[in-house]
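Chemist: Got a structure here, written out as structure tokens. Questions coming.
The values are calculated or read from the model by the stated rules, or taken from the named source; none is laboratory data. As the structure is a prediction and not an experimental result, all values here were calculated from the model. Cβ: placed from backbone, ideal geometry, glycine included. Neighbour counts: every protein chain shown. The area values use the complete protein model at the heavy-atom level, side chains included, leaving out ligands, DNA and RNA. Shrake-Rupley method; radii C 1.70, N 1.55, O 1.52, S 1.80 Å.
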Amino acid sequence: RPGTRHPNVITCVEYLVGLDKYATGSKDGRWRLWNASDFAKTAETRNGDGTAWITAVCDLTAASGRNKRVAVSALDRSVSVYTFRMGGKIELTGRFIAPGSMGAPMCLAAATIAGEDRLVFGSGSGQVVAMTCDLDADYVPPAGSVHGHNLHRDDVLGVHQAHSDWVTRVLHVEELNAFASSSMDGRVVVVDARARVDVPGQEGRFRERIN
């Protein structure tokens, strides 16, 4: 659809089950929504100040089944939570910044574990980080501000140094009650979602980097 496309490289695509729409993120610092039926663009949102590449968009509604929400990560080390309101309004309801000890969040996954909503991200420096999904649920940004609070201890459920290179994907494996991650280091690691330790016998090593 000429005139509605991203002006820069598309970095991620996510199907939003609760909205029956596709979300795309781009190096232009914006994410967009598209109807699943005809791919018509329905919304466009600048993430933060719009200067950081978006690395992932994750459907949080599929995890909790409650409020229709998405998480958006970017190279400025941020993870932003957006909630869909009545009338099609998209509201920023949470924004947090990964500390310098962690790499930028490069991929996202969400799940409900033992009744608790969790958001997991894989970082650019090999960590798999689990946190609560409701961070700053009542966050009201100051007028004109695009900054969030720094990620602190109460937000984080666990940090696992799973890889030695950029984590390219994290995925919740319901049958194992675990999160699987792949990396540019050529390894797949499975981490128990509750104990946050490696699941024995589930690690794989590949000759090629895994994208």
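Chemist: Consider the range 37-60. How many of its residues are surrounded by fewer than 17 Cβ atoms within 10 Å (Cβ to Cβ) and among the hydrophobic types (A, V, I, L, M, F, W, C)?
Modeler: Here the count works out to 3.
Chemist: OK, next. Mind listing just one residue for me: the one in the range 172-194 that is in contact with a helix residue (DSSP H, G or I) (Cβ under 9 Å, 6 or more places away or on another chain) and at pLDDT 85 or above and, of those, most open to solvent (accessible area, probe 1.4 Å)?
Modeler: The residue in question is 172.
Chemist: Ok, one more. Looking only at the range 7-36, which residues are over 20 Å from residue 80 (Cα atoms) and modelled with pLDDT under 90? First the steps, then the outcome.
Modeler: Applying the first criterion (over 20 Å from residue 80 (Cα atoms)) to the range 7-36 yields 7-9, 20, 35-36.
Scanning the range 7-36 gives 7, 8, 9, 20.
Chemist: Out of everything in the range 125-135 that is hydrophobic (A, V, I, L, M, F, W, C) and farther than 17 Å from residue 160 by Cα, what residue ends up being modelled with the lowest pLDDT?
Modeler: Per the criteria, the residue is 135.
Chemist: Take the residues in the range 136-155 that are open to solvent by less than 40 Å² (accessible area, probe 1.4 Å) and out of contact with any Gly (no Cβ under 8 Å at 6 or more places or on another chain), then tell me which one is modelled with the highest pLDDT.
Modeler: Among those that are open to solvent by less than 40 Å² (accessible area, probe 1.4 Å) and out of contact with any Gly (no Cβ under 8 Å at 6 or more places or on another chain), it is 155.
Chemist: Determine whether the range 88-95 contains at least one residue that is of a type in the set (A, V, I, L, M, F, W, C), farther than 22 Å from residue 192 by Cβ and in a loop (DSSP other than H, G, I, E, B).
Modeler: No.
Chemist: With the checklist (1) at pLDDT 80 or above; (2) under 16 Å from the mean Cα position of the chain (by Cα); (3) open to solvent by 10 Å² or more (accessible area, probe 1.4 Å); (4) more than 18 Å from residue 47 (Cβ to Cβ) in hand, flag the one item residue 122 doesn't pass.
Modeler: Status for residue 122: all satisfied but (3).
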